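Undergrad: Got a structure for you, written out below as C-alpha cells; questions coming shortly.
The values are calculated or read from the model by the stated rules, or taken from the named source; none is laboratory data. Fair warning: this is a prediction, and the values are worked out from it, not measured in the lab. Here Cβ is always computed from backbone atoms with ideal geometry, including for glycine, and neighbour counts include all displayed protein chains. Accessible surface is based on the protein model in full, side chains and every heavy atom, while ligands, DNA and RNA are left aside. Shrake-Rupley method; radii C 1.70, N 1.55, O 1.52, S 1.80 Å.
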Amino acid sequence: PSRLATRLARDAPIVKAAAGHRLATVVAALVTIVSALAIAFFFGWQLALAILAGFPILVFAGYI
C-alpha cells in the first residue's frame with residue numbers, strides 16, 4: 001500500500017501539468033480559429049462562409 005501511495009503522490013503533479021498544457025493548447029487553438037474567422041469575415045464574408053461550410057469536415061478529419 002505504501003508504494004501505491006508514493007506513486008500516486010509522485011504522479012499527481014505530472015498529470016496536473018499535462019492537463020494544464022492540454023487546456024492551454026485547446027484555448028490557443030480556439031482563439032486562433034475565432035480570430036481567423038473574424039479576419040476572414042472582415043475581408044470577404046462570402047469566402048468566409050464557404051470556408052466555414054467545410055469546417056465540420058476538417059474537425060471530423062482531425063478526430064480520425
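Undergrad: Hey, in the GNM for the chain with a 10 angstrom Cα cutoff, which one of VAL26, VAL34, VAL15 fluctuates hardest?
TA: Of VAL26, VAL34, VAL15, the Gaussian network model singles out VAL15 as fluctuating most.
Undergrad: Which value, in Å², gives the accessible area per residue of the chain when a 1.4 Å probe is used on the protein heavy atoms?
TA: Per residue, the chain has 90 Å² of solvent-accessible surface.
Undergrad: Report, largest value first, the span of the C-alpha coordinates of the chain along each principal axis, in whole Å.
TA: Cα extents, longest axis first: 63, 23, 7 Å.
Undergrad: For the pair ARG22 and ALA36, how long in nm is the line joining their label points, each one 7 Å along Cα→Cβ?
TA: Rounded to a tenth, the inter-label distance reads 2.3 nm.
Undergrad: Please report, as a whole percent, how much of the solvent-accessible surface of the chain comes from carbon and sulfur atoms (probe radius 1.4 Å).
TA: Accessible surface attributable to carbon and sulfur in the chain totals 78 percent.
Undergrad: I've got another one for you. Can you give the accessible area of LEU23, probe radius 1.4 Å, in Å² rounded to 10?
TA: 110 Å²
Undergrad: Moving on to the next point. So what is the 222 nm mean residue ellipticity for the chain from helices alone, if each DSSP H run of at least 4 adds -39500 (n - 2.57) and you divide by all residues, rounding to the nearest 500 deg cm²/dmol?
TA: -32500 deg cm²/dmol
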